[in-house]
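Here the structure comes first, spelled out in structure tokens, and everything after it is commentary.
The values are calculated or read from the model by the stated rules, or taken from the named source; none is laboratory data. It should be emphasised that the depicted structure is a prediction, and the values quoted were computed from it without experimental measurement. Backbone-built Cβ (ideal geometry, glycine too); neighbour counts: all protein chains shown.
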Amino acid sequence: MTRTMPSGLFVTGTDTGVGKTYISCLLLHALAARNMAVVGMKPIAAGCENGQWRDVELLRFASNVDVPLDDLNPYALQTPIAPHIAARQEGVTIKIAYIGQCYDRLARNAELVIVEGAGGLLVPINTYETTIDLVRTLNLPVMLVVGMRLGCINHALLTAQAIKHAGLCLVGWVANCVDPGMLALEENIAALQHRIDAPLLGQIPFTETSDLTQQAQRIEVDKLIQIIGQGE
Ligand SMILES: Nc1ncnc2c1ncn2[C@@H]1O[C@H](COP(=O)(O)OP(=O)(O)OP(=O)(O)O)[C@@H](O)[C@H]1O
Ligand SMILES: [Mg+2]
């Protein structure tokens, strides 16, 4: 099935643990507050804790559309390692076409599907394909979460370059302040603003609080919706 209209957004990050799930949940929260029917999707989750996959549970909790768990998370792998290695160990072959079928079912039930990648954009998902191939098949615009910490400029610019090289559309990026002690934070953000050819859609401070409402207000959701809409 060829997808022409983006009914979703792919959230990638500069690395693992940079806040992709956190920001995806903020987005779901903000969109739900605008009365939009939204659902999160984690196509590939690697790492089971007490019978649950953390990202999957968080995304499901932040969604306001009830969907089958198998569609929200088609591939649930046990071990917290690179997905294609976990899949091979578990005798699973990750198929983009199957993820596409699950995505289509979600997209039929929601106005926007927020799809969270595993790790960064060049993470392999099977022997021959990477996350980029998945994004291309789903035909989704991309939002980049930059985990603001030492080394992030290089990771962010490499990711932006990979997005461009793959012919994907980067709709914006978020500066997620995962390191409360980061030195020269504002200069780092300014350096990225000058070099990334897409708007900064929010600067999210580090916070210990679990209340997402205030944090969600820091993302320019209306601008994001507008940009996604222009691409349709
Ligand atoms: N702005 C923030 N303030 C405080 N804690 C944060 C912030 N952003 C993320 N975190 C925390 O950092 C940790 C990593 O975030 P998260 O799980 O969202 O990363 P991720 O990129 O989705 O990781 P993965 O690659 O495993 O999917 C989590 O414990 C999350 O709650
Ligand atoms: Mg995550």
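Examine segment 80-91 for a residue that is surrounded by 14 or more Cβ atoms within 10 Å (Cβ to Cβ), in contact with a Lys or Arg (Cβ under 7 Å, 6 or more places away or on another chain), modelled with pLDDT of 95 or more and not aromatic (F, W, Y), and state whether such a residue exists.
Checked segment 80-91: no residue is surrounded by 14 or more Cβ atoms within 10 Å (Cβ to Cβ), in contact with a Lys or Arg (Cβ under 7 Å, 6 or more places away or on another chain), modelled with pLDDT of 95 or more and not aromatic (F, W, Y).
With L112, L140, L144, L122 as the choices, which residue is buried (at least 18 other Cβ atoms within 10 Å of the Cβ) and within 15 Å of ligand 1 (Cβ to nearest atom)? I'd like the intermediate steps shown before the answer.
Details: L112 fails: within 15 Å of ligand 1 (Cβ to nearest atom); L140 fails: within 15 Å of ligand 1 (Cβ to nearest atom); L122 fails: buried (at least 18 other Cβ atoms within 10 Å of the Cβ).
Exactly one residue qualifies, and that residue is L144.
Quick one: is Y103 out of contact with any Phe, Trp or Tyr (no Cβ under 9 Å at 6 or more places or on another chain), assigned to a helix (DSSP H, G or I) and within 16 Å of ligand 2 (Cβ to nearest atom)?
Working: out of contact with any Phe, Trp or Tyr (no Cβ under 9 Å at 6 or more places or on another chain): yes; assigned to a helix (DSSP H, G or I): yes; within 16 Å of ligand 2 (Cβ to nearest atom): no.
Spelling it out, it is not the case that Y103 is out of contact with any Phe, Trp or Tyr (no Cβ under 9 Å at 6 or more places or on another chain), assigned to a helix (DSSP H, G or I) and within 16 Å of ligand 2 (Cβ to nearest atom).
Can you confirm whether segment 160-178 contains a residue that is farther than 30 Å from E111 by Cβ, in contact with a Cys (Cβ under 7 Å, 6 or more places away or on another chain) and of a type outside the set (F, W, Y)? I'd like the intermediate steps shown before the answer.
Kept after step one, since they are farther than 30 Å from E111 by Cβ, are these residues of segment 160-178: 161, 165.
Going one step further and asking which of them are in contact with a Cys (Cβ under 7 Å, 6 or more places away or on another chain), we end up with none.
Checked segment 160-178: no residue is farther than 30 Å from E111 by Cβ, in contact with a Cys (Cβ under 7 Å, 6 or more places away or on another chain) and of a type outside the set (F, W, Y).
Give, as residue ranges, the helices (runs of 4 or more DSSP H) completely inside segment 135-232 that count at least 2 residues that are among the aliphatic types (A, V, I, L, M) and more than 30 Å from A97 (Cα to Cα).
Details: elements: 152-165, 185-195, 212-216, 221-230.
Helices (runs of 4 or more DSSP H) meeting the threshold: 185-195, 212-216.
Can you name the number of the only condition in (1) outside any strand (DSSP E or B); (2) under 25 Å from A216 (Cα atoms) that I81 fails?
(2)
Condition (residue is in contact (Cβ under 8 Å) with a residue 40 or more places away in the chain, over 15 Å from the mean Cα position of the chain (by Cα) and surrounded by fewer than 23 Cβ atoms within 10 Å (Cβ to Cβ)) applied to segment 63-71: is it met by at least one residue?
yes
Going residue by residue through segment 15-37, is there one that turns out to be touching a residue at least 60 places away in the same chain (Cβ under 8 Å), among the β-branched types (V, I, T) and more than 28 Å from C152 (Cα to Cα)?
Keep residues of segment 15-37 that are touching a residue at least 60 places away in the same chain (Cβ under 8 Å), which gives 15-31, 33-34, 36-37.
With the extra rule that they be among the β-branched types (V, I, T), the set shrinks to 16, 18, 21, 23.
Right, trim to more than 28 Å from C152 (Cα to Cα) and you get none.
No.
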